[in-house]
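The values are calculated or read from the model by the stated rules, or taken from the named source; none is laboratory data. What you see is a predicted model; the values in this text were computed from it and never measured. Every residue, glycine as well, gets a Cβ built from its backbone with ideal geometry; the counts of neighbours run over all protein chains shown.
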Amino acid sequence: MVLVALAAWPIGLLIWANGKVQHTAALSGAAATPGTTYLLTGADTRDAATGDDGTVGSRTDTILLLHVPTHGPSALISLPRDTYIEDIPGHGPGKLNAAFAYGGAPLLVQVVEQLTGLTVDHYAEIGMVGIVQVVDAVGGVQLCYDADVNDPESSMVWTAGCHQADGRTALSFVRMRKSDPQGDIGRGKRQRQLIQALMSSVSPRDLVLHPSRQVTLIKAGTAAITVDTDSDIIDLARLALAFKAAEGAGGITGTPPIANIDYRPGGVGSTVLLDPAASATFWAQIADGALPAGVVGGLPG
């Protein structure tokens, strides 16, 4: 009876977890490109966790492209939300995160594919409230930032150094931008740091020994994450493994080549201009797994 129960538990858990996964239409149906590409966003609706700053509807402050090539290192690339897009279909020029505000996940996927030349195979969206729930579910995470911060807009209050952060502190940590001298680039680094901290805090051995923690994490994770209609709990597990590979010593993290972090083309405010000369080569190398492992991109100059 005990052996049967032990064998049945993971199967039942998998079926139960898969039934809790939330879905949304997101993918473009474009022809596949080599490797596997994930698009991950942080959907920032105005709610009790984020506060009311007058924003109507949803936006995305976090846009991450995770690519697993057929051969070569996996890459986790932060796309600055203010990246200048010459033509958002149906809307003209604007910032990358405006695509999400205009047309939700489907339009954002289309614009990212247009920008990178990579077809998005899987889409995952986490609500900002979800960050609080997931971080609290793992018992908090250690985060580091080498400056004192008192930022009213994100509610981040921080003393330089490393600290154990609960869910709300982690949320402020990844939302803070205006008090960071590197703006969106610095925020992207902190977002990737939180992902790494979350991955490191979940021990497979601990999960096996504590089934109740499995249930708690699955409840928090599936409540927080929405995926495309073709993805399931197995795809989320593969996503987690791809994250670990990209954040590890043999992976690639960073940003695309940036030409100007305060590009003002007129009509859309201050934007981030990707380097037009280097971008095509950069995305081709990401697709082919041709870049060496390490940190890429960063501030211009």
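Only one of the numbered conditions (1) surrounded by fewer than 22 Cβ atoms within 10 Å (Cβ to Cβ); (2) closer than 20 Å to Leu239 by Cα; (3) at pLDDT 95 or above is not met by Gln110, and that is (2). Of all the residues in segment 107-125, those that are in contact with a Phe, Trp or Tyr (Cβ under 6 Å, 6 or more places away or on another chain) and outside any helix (DSSP H, G or I) number 2. For segment 84-107, does any single residue satisfy the condition of being at pLDDT below 85, of a type outside the set (Lys, Arg) and touching a strand residue (DSSP E or B) at 6+ places or on another chain (Cβ under 6 Å)? Within segment 84-107, not a single residue is at pLDDT below 85, of a type outside the set (Lys, Arg) and touching a strand residue (DSSP E or B) at 6+ places or on another chain (Cβ under 6 Å). In the set Gly139, Gly104, Gly94, Gly90, only one residue is in a loop (DSSP other than H, G, I, E, B) and either touching a residue at least 40 places away in the same chain (Cβ under 8 Å) or surrounded by 17 or more Cβ atoms within 10 Å (Cβ to Cβ) (or both); that residue is Gly139. Do we have Gly183 as at positive phi and either in contact with a Phe, Trp or Tyr (Cβ under 9 Å, 6 or more places away or on another chain) or surrounded by fewer than 16 Cβ atoms within 10 Å (Cβ to Cβ) (or both) here? No, not satisfied. Taken together, Thr41, Thr33, Thr37 contain a single residue that is at pLDDT 80 or above, assigned to a loop (DSSP other than H, G, I, E, B) and among the β-branched types (Val, Ile, Thr), which is Thr33. Taking each residue of segment 224-235 that is within 14 Å of Glu125 (Cα to Cα) and looking for partners that are of a type in the set (Asp, Glu) with beta-carbon atoms closer than 8 Å, six or more apart or interchain, yields Ile225/Glu125; Thr226/Glu125; Val227/Glu125; Val227/Asp235. Is segment 165-177 home to any residue that is part of a loop (DSSP other than H, G, I, E, B), modelled with pLDDT of 90 or more, touching a helix residue (DSSP H, G or I) at 6+ places or on another chain (Cβ under 9 Å) and of a type in the set (Asp, Glu)? So far as segment 165-177 goes, yes, one or more of its residues are part of a loop (DSSP other than H, G, I, E, B), modelled with pLDDT of 90 or more, touching a helix residue (DSSP H, G or I) at 6+ places or on another chain (Cβ under 9 Å) and of a type in the set (Asp, Glu). Can you name the residue in segment 184-215 that is hydroxyl-bearing (Ser, Thr, Tyr) and at pLDDT below 65 and, of all such residues, is farthest from the chain's Cα centre (by Cα)? In this case the residue turns out to be Ser212.
Of the residues making up segment 216-243, those that are modelled with pLDDT of 85 or more and either of a type in the set (Ser, Thr, Tyr) or surrounded by 17 or more Cβ atoms within 10 Å (Cβ to Cβ) (or both) are Thr226, Val227, Asp228, Thr229, Ser231, Asp235, Leu239, Ala242, Phe243.
Restricting attention to segment 252-295, the residues that are crowded, with 16+ Cβ neighbours inside 10 Å and not in a strand (DSSP E or B) add up to 14.
The residue that is farthest from Gly188 (Cα to Cα), among those in segment 155-167 that are polar (S, T, N, Q) and touching a residue at least 24 places away in the same chain (Cβ under 8 Å), is Gln164.
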